[in-house]
Amino acid sequence: MNPPLGVESINHNAFVEVNEKGTIASANTVMVALRGSRRATPTDFVADHPFLFLIREDFSGTILFIGQVLNPLDGADEHTTHIYRRK
């Protein structure tokens, strides 16, 4: 059995250009995963009710994205998502 993975960091870049010729948009996401020696302690996140979430930059505290989940069980398998955090 493989050891669980944890997320060290996620970087997302987005580009949108709108001009008289039209719109160009692109995006890419890079995720760094942890495995093995840097094992983290899992935290259970049970999404069984509506919730808000945000993505915040640690250094400045700037909120980069705010999202809302109105019905987390709609169309999804009922399970617990583990969020791994290093201590």
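Which FRET efficiency, nearest 0.05, do ARG56 and THR23 yield, Cβ-Cβ r, R0 25 Å? The pair ARG56/THR23 has a calculated efficiency of 0.30.
Net length available on complete extension from PHE65 to VAL30 is 10.9 nm, with 0.36 nm assigned per residue and the Cα-Cα distance removed.
If you take the beta carbon distance between VAL46 and HIS12 as r and set R0 to 30 Å, what does 1/(1 + (r/R0)^6) give as a FRET efficiency, to the nearest 0.05? Present the calculation step by step, with values, prior to reporting the outcome.
Details: r = 25 Å, r/R0 = 0.85.
The value I calculate is 0.75.
Only the coordinates and a few stated rules stand behind these numbers; no lab work does. The model shown is predicted, which means the values in this text are computed figures rather than measured ones. For neighbour counting, all protein chains shown are included, and Cβ atoms are generated from backbone atoms with ideal geometry for every residue, glycine included.
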